[in-house]
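No lab work stands behind these numbers, since they all come straight from the coordinates. This one's a predicted model, so the numbers in the text were calculated from it and none came from an experiment. Here Cβ is always computed from backbone atoms with ideal geometry, including for glycine, and neighbour counts include all displayed protein chains.
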Amino acid sequence: MSIWLVSGTDTGIGKTVVTAATAVAAAKVGQSVAVIKPAESGIVPDFGMESDMAVVARLARPESTRVLASYPDALSPLAAAQEAGAVPLAIGDVIEAVRVAEHRYDVVLVEGAGGLLVPIGEGRWTLADLAVALRAPVVVVSRAGLGTLNHTALTLEALAHRGINGLVVLGSWPRTPELVHWRNLADVPGELAGVLPEGAGALDPHEFRAQAPGWLSPALYGRADPAELRREGVAGPPPRWPEPA
């Protein structure tokens, strides 16, 4: 696939770091990469806040990063646009931006805001609607802890209902995993395509780029074997996933 959408089961789930890791892994296998954030909220540049695309640019250094709309209030993008008195983002503008990038780059990563069904723009369109319009698969970033099985299953079911394929990546694997984490690793629904270690986004960018392909499966351009870890999860073995130095 040349277009991937990155969503999550919640906000603050690790979508941006997973997006950066995927961009690194794709670049390591010779793909040119563009990353697009249709809309972001809760970013006030005057207060020195780092936007999601600034994080991706710093960690992954893809050929292109672009934010189509940014709003100061930490709300859903549609609500934030309304509070700012801005014209909500039209889904057609996002589709056009992605199609233009698709013709210029080998891989286009589109990072959503919050979960799959969060209202993003005009007409209350969501990332699920964008996935249908683009016929693009969705990377579902999930938690490792309690509650992830239900949230992940609901997200994958919503995608399947729309005929969209979804892959699952655990966004933050704890340094000291407990029984619940190992069981969730074994039982999380869908195709497990990656596990990122806790604190990955705080790594030095050079180290992040060196380690990132080892966190993702070949489905996302990496070299890891999450299926092996999933099988081992039932027994709760010692952690084998690469951890930040």
Among Val29, Leu5, His161 - extreme Cα towards positive end, dipole of the chain, charges at beta-carbon
Val29
Proportion of all alpha-carbon pairs of the stretch 81-200 beyond 25 Å (%)
34
Mean separation of Cα contacts under 8 Å (at least 6 apart) over the residue count of the chain, i.e. the relative contact order in percent, is 24
GluC sites (Glu not before Pro) within the stretch 142-197: which are DSSP loop residues with at most 15 other Cβ atoms inside 10 Å?
Glu178
Over all pairs of different Cα atoms in the stretch 111-164, the reciprocal of the mean inverse distance gives a Kirkwood radius in Å of 11.7
With +1 assigned to the C-beta of every Lys and Arg and -1 to the C-beta of every Asp and Glu, and no other charges, what is the dipole magnitude of the stretch 1-134 about the Cα centre in debye, to the nearest 20?
420
Quick one: compute a quarter of the convex hull surface over the Cα atoms of the stretch 49-116 and quote it in nm².
5.3
List, largest first, the extents of the alpha carbons of the chain along their principal axes, each in whole Å.
53, 36, 36
Placing +1 on the Cβ of each Lys and Arg and -1 on the Cβ of each Asp and Glu in the stretch 3-233, which of Tyr71, Gly85, Thr176 has its Cα farthest towards the positive end of the resulting dipole?
Thr176
Semi-axes a, b, c in Å (a largest) for the stretch 6-81, each sqrt of 5 times a Cα gyration tensor eigenvalue, come to 23, 13, 11
In debye to the nearest 20, how big a dipole does the chain give about its Cα centre with +1 on each Lys and Arg Cβ and -1 on each Asp and Glu Cβ?
520
Among Val55, Ala186, Ile95, flag the residue with its Cα farthest along the positive direction of the charge dipole of the stretch 3-233, charges on Cβ as +1 for Lys/Arg and -1 for Asp/Glu.
Ala186
Antiparallel bridges, percent of DSSP beta bridges restricted to the chain (to nearest 5):
5
